[in-house]
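Scroll down for the structure; my scribbles are underneath it.
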Amino acid sequence: MRRLFIICILLSVVFDASAQDYTDALSLTIVGKFAETRHPWDRLDPQEGMTTGEKGQARQSAGLAVAFRTNSKSIGVRVIWRKKASDGGNQGAIAARGFDLYIKKDGTWLWAGNGYPKNTPDTPLEIEIIKDCGNGEKQCLLYLPLFSEIENLDVVTAEGSWIEAAPQPFKGRIAVWGSSYTQGSGAGRCAMTWEAQLSRATGYNFINLGFSGNCKLQQYFADALLDATAADAFVFDAFSNPTPTEVEERLEPFIKRFVRERPGVPLIFLQTIYREKRNFNHAYDSRESAKRAKADELMRQMATRYPGVYWVTSTNATSETHEATSDGSHPDSYGYTLWMESVKEPILEILNKYGL
């Protein structure tokens, strides 16, 4: 009798766990996609000239999100990985291979929950994000991992609930190409990159095209950006990775290419941030000072020489206490909030000039 009772309990658990519906996320609204790609969850198609590492970064889902409406009281995902990121250095599991859910409340995107897999090879894998949130209609925005590659993704909802694609939540198409700062290294969650925060704060669609460590004004990245669907504006975090020599050699040809092929499209360049690692490392401080000085010198010339080229020097991820860092090189989530706030008004002022 006791054994029969235990079996019944186990069966009820299995039944409850299976009482779910699965919706292919591709049937919902994809947010943050810059161009059509051969694989739907890639950010860019790998280009000739890219290194193996850069091609892998093009396949990572940083900045992508899924927008939908549902009345489900629980929301999760079922994911099949192509490559699942591990924890390491400044990158925690929630940002590297986790999912972040926002729900709109009183007109504002409000964080609702997240979920991430343990560092195991299990695939497909179901991840619970939120439960017991009521049966009323919810407008949702589900952010995808910053450093993982996705093969297939389903949104998991309670059995019998409804789910449908939502309208695009953000307007325009502003491509943000940059370094690990743009991809989101050091952020605590995948929704806390500075450009994701900027989208939620302004209603504009800032698209994450960060390539950690590899944003060095390469012509093949210009190929990738210009071959894709036209953007309303470009924002460049272009001076965090290259040396002063690389900037001197590559900057003007890079800008000329965009001015020639995208006339009338604003090109907004951001000064790189102050890195806290400079505080007591004199050699590092000298290198960073030289890099920032070269960028400032040349960008002041470029902004005068080429119409539609803008230079924003207010970029800041440093708090008054100098605590907003994850590892001395990258901001933490609060540092990315500071960065967003420091560039929001200058970028909006430029976009407004173009009627965006």
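The values are calculated or read from the model by the stated rules, or taken from the named source; none is laboratory data. Fair warning: this is a prediction, and the values are worked out from it, not measured in the lab. With ideal geometry, Cβ positions are generated from the backbone for all residues, glycine too; neighbour counts draw on all protein chains shown.
Within the range 156-171, which residues are in contact with an Asp or Glu (Cβ under 8 Å, 6 or more places away or on another chain) and either surrounded by fewer than 21 Cβ atoms within 10 Å (Cβ to Cβ) or not polar (S, T, N, Q) (or both)? Lay out the reasoning, then the answer.
Of the range 156-171, the ones in contact with an Asp or Glu (Cβ under 8 Å, 6 or more places away or on another chain) are 156-161, 163.
Within the range 156-171, Val156, Ala158, Glu159, Gly160, Ser161, Ile163 qualify.
Here are Arg200, Arg250, Arg292: which of them is among the charged types (D, E, K, R), in contact with a strand residue (DSSP E or B) (Cβ under 8 Å, 6 or more places away or on another chain) and touching a residue at least 24 places away in the same chain (Cβ under 8 Å)? Explain how you work it out, then say what you get.
Values: Arg250 fails: in contact with a strand residue (DSSP E or B) (Cβ under 8 Å, 6 or more places away or on another chain); Arg292 fails: in contact with a strand residue (DSSP E or B) (Cβ under 8 Å, 6 or more places away or on another chain).
Matching residue, one of Arg200, Arg250, Arg292: Arg200.
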Check the range 28-37 and report whether any residue there is hydroxyl-bearing (Ser, Thr, Tyr), in a helix (DSSP H, G or I), under 30 Å from Glu195 (Cα atoms) and at pLDDT 95 or above.
no
Can you work out which of the residues in the range 78-98 that are of a type in the set (Lys, Arg) and not in a helix (DSSP H, G or I) is modelled with the highest pLDDT?
Arg78
So which residues in the range 86-107 are surrounded by fewer than 20 Cβ atoms within 10 Å (Cβ to Cβ) and either without any contact (Cβ under 8 Å) to a residue 12 or more places away in the chain or farther than 25 Å from Thr202 by Cα (or both), if there are any at all?
Ser86, Asp87, Gly88, Gly89, Asn90, Gly92, Ala93, Lys105, Asp106, Gly107
Residues satisfying the stated conditions in the range 189-235, i.e. within 17 Å of the chain's Cα centre (by Cα), part of a loop (DSSP other than H, G, I, E, B) and within 20 Å of Val66 (Cβ to Cβ)
Arg189, Cys190, Ala191, Met192, Thr193, Gly203
Meets criteria (of a type in the set (S, T, N, Q) and under 18 Å from Gly178 (Cα atoms)) for Gln60:
yes
State all residues of the range 172-185 that are in contact with a helix residue (DSSP H, G or I) (Cβ under 9 Å, 6 or more places away or on another chain) and either surrounded by fewer than 23 Cβ atoms within 10 Å (Cβ to Cβ) or small (Gly, Ala, Ser) (or both); if no residue qualifies, say none.
Gly172, Ala175, Gly178, Gly184, Ser185
Name every residue in the range 229-266 that is crowded, with 19+ Cβ neighbours inside 10 Å, small (Gly, Ala, Ser) and out of contact with any Pro (no Cβ under 9 Å at 6 or more places or on another chain), in order of residue number.
Ala231, Ala238, Ser240
Let me spell it out: the conditions are (1) modelled with pLDDT under 95; (2) over 25 Å from Ile174 (Cα atoms), and Thr70 meets all of them except one. Which number is the exception?
(1)
Determine which single condition Thr321 fails, assuming it passes every other condition in (1) more than 23 Å from the chain's Cα centre (by Cα); (2) in a helix (DSSP H, G or I); (3) of a type outside the set (Lys, Arg).
(2)
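Report, by residue number, each residue of the range 55-73 that is more than 16 Å from the chain's Cα centre (by Cα) and in contact (Cβ under 8 Å) with a residue 40 or more places away in the chain.
Once the filter is applied, which keeps residues that are more than 16 Å from the chain's Cα centre (by Cα) and in contact (Cβ under 8 Å) with a residue 40 or more places away in the chain, the range 55-73 yields Phe68, Arg69, Thr70, Asn71, Ser72, Lys73.
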Does Ile103 satisfy being in a strand (DSSP E or B), of a type in the set (Val, Ile, Thr) and under 19 Å from the mean Cα position of the chain (by Cα)?
yes
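Quick one: would you say Gly136 is farther than 17 Å from Tyr336 by Cβ, outside the structural domain of Gly335 (by TED's automatic domain parsing) and either of a type in the set (Gly, Ala, Ser) or assigned to a loop (DSSP other than H, G, I, E, B) (or both)?
On the way: farther than 17 Å from Tyr336 by Cβ: yes; outside the structural domain of Gly335 (by TED's automatic domain parsing): yes; either of a type in the set (Gly, Ala, Ser) or assigned to a loop (DSSP other than H, G, I, E, B) (or both): yes.
Judged against the criteria, Gly136 is a match.
Which one is farthest from Tyr310 (Cα to Cα), of the residues in the range 331-340 that are in contact (Cβ under 8 Å) with a residue 60 or more places away in the chain and in a helix (DSSP H, G or I)? Give the steps one after another, and end with the answer.
Residues of the range 331-340 in contact (Cβ under 8 Å) with a residue 60 or more places away in the chain: 331-333, 335-337, 339-340.
Applying the additional criterion that residues be in a helix (DSSP H, G or I) yields 333, 335-337, 339-340.
Numbers: Ser333: 27, Gly335: 23, Tyr336: 21, Thr337: 22, Trp339: 18, Met340: 17 Å.
Taking the candidates together, the pick is Ser333.
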